[in-house]
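K.L.:
For reference, the structure I am asking about is given below.
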Amino acid sequence: MKFYDREKELELLRNSEAQAEKAASFTVLMGRRRIGKTSLILKALEGKPFAYLFVSRDNEAMLCDKMQRELQNSLGINVFGRISRFRELFEVIMQASQTRHFTVVFDEIQNLYRINAALFSEMQEIWDRYHRSSHINLIACGSIHTLMKRIFENRAEPLYGRATSKFTLRPFDTSVLKEILGDHAPAYQPDDLLTLYMITGGVAKYVELLMDAGCFSRQEMLDYVCRQDSYFLTEGRDLVSNEFSNDYNTYFSILQLLASGMTRISEIDGVLGKSSGVYLANLENNYEMISKVRPLFSKVGSKVSKYAIRDNFLNFWFRFVYPYQNAIERNQLHLVREGMEEGYSQFSGRVLETYFQSKAMESGKYTEVGNWWDRSGENEVDLVAVNEQNHTGFIAEVKRNPRKISLPALAKKVEALPQATFGKYQFTLGGLSLDDM
């Protein structure tokens, strides 16, 4: 699959590279695994001198040996003897940058924690000593969210405040997914696009896997997920287990319940048989895997809040793959595929709401986008989008089948909206279905 989108991110990286000719630059790039960080960096550095140093989980001496050879091969930085300490390696890099301009990328830099947490203090000391007269463009990227936040955003950590630029790489927008699928299958059906969004959530590697495998239709994509050699069968566990240090089973159980549609804390507590409050708070605030969703414009402490998994792929994986672990181990993958078929219509209906909410926010027409429901649960509006500057808005019912949309029924639900908040907006009512993707 060719390189898509990322114009703004490419500009950020290229600007940092150019500025480093005059003064050292230190860019921190964060983003979940498979989001396309490495591809983005390589694209931005085309034609420029750089060394790509992957921080594998080797011991310090082995890691330094690999990096020393890469520095020599990529940048011609020669060192007599063998370097066995990261401190020495980083000092060699910073010394070389006193008279030369180049880029060094440390990929998965958070792995240094597993090797020796003191290495970040050593990096800080060397950076502070050399960077004022350096011409290095240093890029540190990583995918373990909790560790990256700790390393670069915790005031107590040595590298806090050293970055000159920092950003997070996000999934592809809905418009980019449409472009990609349209390029590969011009005659695609709306359900094909919805399935691509449902499985990948716009994560570059997942999209690439499906496109390169020739899986353009709903059936082909779901079949691919259920293949014996499928990358997707273990991906969810690999992603999540890297974040959790303890209570692994409880976190997995909560994520499975959320994916199944149990989104209220009372429902989760009832199934777990214990309070889930601490776990939900960690998932929301520390791991940023879930969001607390409130009716649009409701107060922060609203008791009608729900929880939702933020990542489309994890939502899909915990709904259709994780519950079938025993079947997968027995190679009964047909049971996994049957489960997907049985639950597809209901689950994809919820995903369709998320799709249109994302599309509305990406349009740039609205300042707030969400949904709304009352305490009783009798009145629920799938999409509410408002522009707080011109006091206009759009309210929509979202259904897979356009024939099931009832605007009179939607108008009755709108009457239940609290006028103190929503009365100042002039709303347009409409319906959105697969046909509107």
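Read the figures in this text as sums done on the coordinates, not as results from a lab. Quick caveat, the model's predicted, so the values are computed rather than measured. Cβ placement follows ideal geometry from the backbone for every residue including glycine, while neighbour counts extend to all protein chains displayed.
K.L.:
Based on other C-beta atoms within 10 Å, arrange M30, M262 from fewest to most. It would help to have the intermediate numbers written out before the result.
P.N.:
Working: M30 22, M262 17.
Neighbour counts put them in this order, fewest first: M262, M30.
K.L.:
Taking one equal scatterer on every alpha-carbon of segment 176-357, how large is log10 of I(q)/I(0) by Debye at q = 0.16 1/Å?
P.N.:
The Cα Debye sum returns log10 ratios of -1.03.
K.L.:
Based on DSSP, what percent of beta bridges with both residues in segment 364-436 are antiparallel, to the nearest 5? Each step should come with its number before you reach the end.
P.N.:
Details: 10 of 17 bridges.
Expressed as a percentage, antiparallel bridges in segment 364-436 total about 60.
K.L.:
Order by neighbour count: D212, D311, fewest other Cβ atoms within 10 Å first, most last.
P.N.:
Values: D212 10, D311 20.
If I rank by nearby Cβ atoms, fewest first, I get D212, D311.
K.L.:
Over 32 Å between C-alpha atoms is what I'm after, so list which of K178/K306; K37/K413; K178/K299; K43/K178; K205/K306; K8/K399 land there. Write down the numbers at each step before the final one.
P.N.:
Working: K178/K306 30 Å; K37/K413 43 Å; K178/K299 35 Å; K43/K178 22 Å; K205/K306 30 Å; K8/K399 34 Å.
Check vs 32 Å cut-off fails for K37/K413; K178/K299; K8/K399.
K.L.:
While we're looking at this one, here's another question. Could you tell me how many degrees, from 0 to 90 and to the nearest 10, lie between the Cα long axis of helix 190-200 and the main elongation axis, the longest principal axis, of the Cα atoms of the chain?
P.N.:
Between the helix axis and the principal axis of the chain, the angle is about 40 degrees.
K.L.:
What fraction of the DSSP beta bridges in the chain is antiparallel, stated in percent and rounded to the nearest 5? Don't jump to the answer; show the numbers that get you there.
P.N.:
Working: 14 of 42 bridges.
Rounded to the nearest five, the antiparallel share is 35 percent.
K.L.:
Ok, one more. Distance from the Cα centre of segment 221-255 to that of segment 263-283, in angstrom?
P.N.:
20 Å
K.L.:
Follow-up question, since we're still on this one. Hey, which lysines would be in cross-link range of K22, C-alpha to C-alpha under 21 Å, not counting anything within fewer than 8 residues on its own chain?
P.N.:
Cross-link targets: K48, K166.
K.L.:
Note down the magnitude of the dipole of the chain about its Cα centre, charges +1 on Lys and Arg C-beta and -1 on Asp and Glu C-beta and zero elsewhere, to the nearest 20 debye. Don't skip to the answer; put the middle values down first.
P.N.:
On the way: 54 positive and 55 negative charges, 162 e Å.
About 780 debye.
K.L.:
Now a separate question. Taking the Kirkwood radius as the inverse of the mean 1/r across Cα pairs, report the Rg/Rh of segment 123-262. Display every interim value, and only then the final one.
P.N.:
Details: Rg = 20.2 Å, Rh = 18.5 Å.
On the Cα set of segment 123-262, Rg over Rh gives 1.09.
K.L.:
Under the √(5λ) rule applied to the eigenvalues of the Cα gyration tensor, what semi-axes describe the equivalent ellipsoid of segment 317-411? Give them in Å, descending. It would help to have the intermediate numbers written out before the result.
P.N.:
Values: eigenvalues 242, 49, 28 Å².
Rounded to whole Å, the semi-axes are 35, 16, 12.
K.L.:
Just the number, please: Stokes-Einstein D of segment 7-168 in µm²/s, Kirkwood Rh from C-alpha pairs, 37 °C, 0.692 mPa s.
P.N.:
Details: Rh = 15.7 Å.
Value of D from the Cα-based Kirkwood radius: 209 µm²/s.
K.L.:
Ok, one more. Taking 7 Å along the Cα-to-C-beta vector as the label spot, tell me the K303-R14 distance in nanometres, rounded to one decimal.
P.N.:
Label-label distance for K303 and R14, simple model: 5.6 nm.
K.L.:
If you filter segment 17-55 for GluC sites (Glu not before Pro), then keep DSSP loop positions with at most 12 other Cβ within 10 Å, what is left? Don't skip to the end; give the middle numbers.
P.N.:
Details: sites: E17, E21, E46; in loops: E21, E46.
Listed in order of number, the matching sites are E21, E46.
K.L.:
Once the Cα atoms of helix 7-19 and of the chain are each reduced to a long axis, what angle between those two axes, in degrees from 0 to 90 to the nearest 10, is obtained?
P.N.:
20 degrees
K.L.:
Report, please, the projected area of the chain averaged over directions, based on the convex hull of its C-alpha atoms, in nm². If you can, show how the numbers build up before the last one.
P.N.:
Numbers: hull surface 96.0 nm².
Over every viewing direction, the Cα hull of the chain projects on average to 24.0 nm².
K.L.:
Determine, for K365, K399, the number of other Cβ atoms within 10 Å of each Cβ, and report the residues in order from fewest to most.
P.N.:
Working: K365 15, K399 18.
Lowest count first: K365, K399.
K.L.:
Follow-up. Determine by what factor the alpha-carbon radius of gyration of segment 364-436 differs from 2.2 N^0.38 Å, reporting the quotient.
P.N.:
1.08
K.L.:
In addition: What nm value, rounded to one decimal, do you get for the distance between K2 and E338 when each label is placed 7 Å out toward the C-beta?
P.N.:
It works out to 4.4 nm between the two label points.
K.L.:
Sticking with this one: Please list, or write none, the aspartates and glutamates whose alpha carbon is within less than 18 Å of the alpha carbon of K404, excluding same-chain residues fewer than 8 places away.
P.N.:
Those aspartates and glutamates meeting the cut-off are D191, E353, E378, E380, D382, D435, D436.
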